[in-house]
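Worksheet for the structure shown next.
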Amino acid sequence: MAKSVATTSAPRLKALYDTQYRSELQAELSLANVHQVPKLEKIVVSVGTGKTKDDKRMLETVKNTLTKVTGQAPVERLAKKSIAGFKIRAKMGAPIGVSVTLRGARMYEFLDRLSNISLPRVRDFHGVKAKGFDKGGNYNLGILEQSIFPELSFEETQVIHGMQVTFVIKNEDKAHSRALLEKFGIPFEKAGGQK
């Protein structure tokens, strides 16, 4: 008896990148080689528990949020250094945050939902800040409230917390990273403050 193989199509943004965006970016950025074109490697979504690190209810809320939003179970993060002022001991005690690393199909699906559904739901939204790029060309986006994600019910947004979304991009400079994210539909704020 032959096993049936389930055929799944590639996520919309992945297919667009492979068939259209890669060649467009190569032309627009005047790159000699297709391997120089910026490429999204992974997306890391993290939440720090901060002052509420010892509150089990808060930790469960954060874990539930990340699981529902990303479709993947989060990993607890312990402190790397001891900081007496914050009553934190390295690699001991309660986790100081949780994070999820998305790659492949889940990464592109999360990006699609973030740029087309969640970000437009931000109150008084004029685009994301262009200051979020680091020296390596990776982009960090801070989200103040988890309520912008439609996957969460009203009850699940009663305990408000923010999250950090980091786009890890294989590239050569910040301008190339921005061009890639704009292709994927991330709306950057214009100089005048309007989208």
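Odds and ends about this structure:
- You can think of it this way: the chain between residue 135 and residue 73 has 19.4 nm of extra reach, that is 0.36 nm per residue less the Cα-Cα gap.
- Separation in nanometres of the label points that stand 7 Å from Cα toward Cβ, at residue 122 and residue 19: 3.0
- For the stretch 11-77 and the stretch 116-195, distance of Cα centres in Å: 11
- Packing-based ranking, highest mean first, of 13-24, 169-180, 123-134 given that Cβ atoms within 10 Å are counted: 169-180, 13-24, 123-134
- Segment residue 33-residue 144, extension gain: residue separation times 0.36 nm, minus the distance between their alpha carbons: 36.1 nm
Computed from the coordinates by the stated procedures, all read-outs in this text should not be read as laboratory data. This one's a predicted model, so the numbers in the text were calculated from it and none came from an experiment. No Cβ is skipped: glycine too gets one built from the backbone with ideal geometry, and neighbour counts run over all protein chains shown.
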